[in-house]
Amino acid sequence: MTDSAGVRRSVILGTGSALPVRSVSNAELATQLDTSDEWIVTRTGIRSRHIAGEGETTSSLATAAARAALTAAGVEASSIDLIVLATATPDQTFPATATIVQQQLGCLGGIAFDVAAVCSGFLYALGVADSMLRSGMAKRALVIGAETFSRILDWEDRATCVLFGDGAGAVVLSAQDNEAADAPGILATRLHADGTHNQLLFVDGGPSTTGTVGKLRMKGKEVFRHAVTNLSAVLGEVMDDVGMSPDDIDWLVPHQANARILEATARKLNMSPDKVVMTVDRHANTSAASVPLALDAAVRDGRIKPGQLVMLEAMGGGFTWGASLVRM
Ligand code: UT7
């Protein structure tokens, strides 16, 4: 959108992340389950994942990630007037976990709410926050993806429990007016959902059905197939929106569900695997936290630099999927 000051964009001022203390290797899981390090690595690329201990919650991880992002951005929590937190594993059914984070950070009075789009949650949260910043409803946002999926896993189902982990990632997003064509900020976002597939990846409980939290269930092979198709399509849409090709993009920061999905998506786009940020080996699938965790890792190790073009993408339960192109 434009206003009297020029083009308004939502700019990432800083990133942060947080992981539970305990890291669990495939070998450790193989002592409790009929699985092996070899099967998990070959099928998924996962070698270890972090699992929340007692006292580590979605809100505590989210707050730690938010604090790290605020420090990286060099801004005070008091300047935040919007918190959008993506999670499928809130501390409680209500209130929104975003309000708990708001209280912990002490930045009261602004807007705070949760977004439920499972693994695409961070992309949805980023899209919503970007719209609110560009419309003038808020000036500076914390966008957080935070999960404790270990608490909704069936630890006797080897087909799912080895795939997921816990963690949180966050970005500080600020509305900035800048006429320059190469000004930083979110350039384009596309989000989608297709509810006809909502029983391929779901939780078998909830407040209004069973009155319980439920456990994660997934038809992995079918999800895999849809993921590659939908992600390639949405990445194409975003590139068309801005008139760019995969060659123009410096980094692809994908949802970290399975190394084979990441590789297949990059192959479909003719994109070098060297441009793909991969953290699935040590984080596993952390749902809404996976994209901001990977983004923060690549910012902190110096791969992603100011001015570069970064494509974020994710696909998950619902199905929901989306992509966003950001100039850092
Ligand atoms: O975040 C949202 C998006 N989620 C995803 O994108 C996940 C997408 N799906 C996947 O990543 C893959 O489909 C999986 C990793 C879940 C599974 O890989 P697959 O190559 O599709 O394997 P499969 O489900 O076809 O299972 C193959 C075999 C089965 O044995 P049989 O029937 O061939 O005898 C499974 O029982 O592997 C067996 N298996 C295991 N073996 C050892 C399933 N889980 C395990 C395990 N350890 N943990």
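The values are calculated or read from the model by the stated rules, or taken from the named source; none is laboratory data. Model, not experiment: these values are computed from the prediction. All Cβ positions, glycine included, derive from the backbone under ideal geometry; neighbour counts span all protein chains shown. Quick note on the areas: whole protein, heavy atoms, side chains included, nothing else; ligands and nucleic acids left out. Shrake-Rupley method; radii C 1.70, N 1.55, O 1.52, S 1.80 Å.
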Hits among aspartates and glutamates - C-alpha to C-alpha of residue 139 under 19 Å, sequence gap 8 or more where chains match: 3, 76, 81, 114, 130, 177, 179
Tail fraction, Cα-Cα pairs, segment 112-180, threshold 16 Å, whole percent: 57 percent
Candidate lysines - alpha carbon under 25 Å from residue 275, same-chain residues fewer than 8 apart omitted: 305
Kirkwood-type radius of the chain, with distances r between different C-alpha atoms, in Å: 19.5 Å
Karplus 3J(HN,Hα) series, Hz, for segment 140-151 with 6.51 cos²θ - 1.76 cosθ + 1.60 (x for Gly, Pro): 9, 10, 9, 10, 10, x, 9, 8, 10, 5, 4, 7
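What helices does the chain have that are whole DSSP H segments, at least 30 Å long along their own axis by Cα, and with mean Kyte-Doolittle hydropathy of -0.5 or more? Spell out each step's value before the answer.
Working: long enough: 220-242 (33 Å, 0.24).
Membrane-span-like by this criterion, though nothing is claimed about a membrane: 220-242.
Output the peptides 147-157, 282-292 sorted from most to least packed, where packing is the average of other Cβ atoms within 10 Å over each peptide's residues. It would help to have the intermediate numbers written out before the result.
Values: 147-157: 19.6, 282-292: 29.8.
Peptide ranking by packing, descending: 282-292, 147-157.
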Signed unit charges on C-beta, dipole axis of the chain, positive-most listed residue 127, 90, 162: 162
Carbon + sulfur, % of accessible area of the chain - ligands and nucleic acids excluded, 1.4 Å: 52 percent
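Could you work out the relative contact order of the chain, using alpha carbon pairs under 8 angstrom and six or more residues apart, expressed as a whole percent? Please report the intermediate quantities before stating the final value.
Working: 824 pairs, mean separation 83.2, N = 328.
25 percent.
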For residue 114, residues with placed amide H under 5 Å, excluding near neighbours: 85, 98
Highest-first arrangement of 8-14, 272-278, where packing means the average Cβ count within 10 Å: 8-14, 272-278
Euclidean distance of C-alpha centroids, segment 212-233 and segment 185-204, integer Å: 10 Å
About the Cα centre, charge dipole magnitude for the chain (Lys/Arg +1, Asp/Glu -1 at Cβ), debye: 120 debye
Peptides ranked, highest mean first, by Cβ atoms within 10 Å: ranges 33-45, 93-105: 93-105, 33-45
Hull shadow area, averaged, segment 63-112 [alpha-carbon convex hull, nm²]: 3.3 nm²
18 Å Cα-Cα reach of residue 219 towards aspartates and glutamates, excluding residues that sit fewer than 8 places from it in its own chain: 154, 156, 157, 194, 204
Calculated P(r) of segment 145-201 - Cα pairs past 13 Å, %: 78 percent
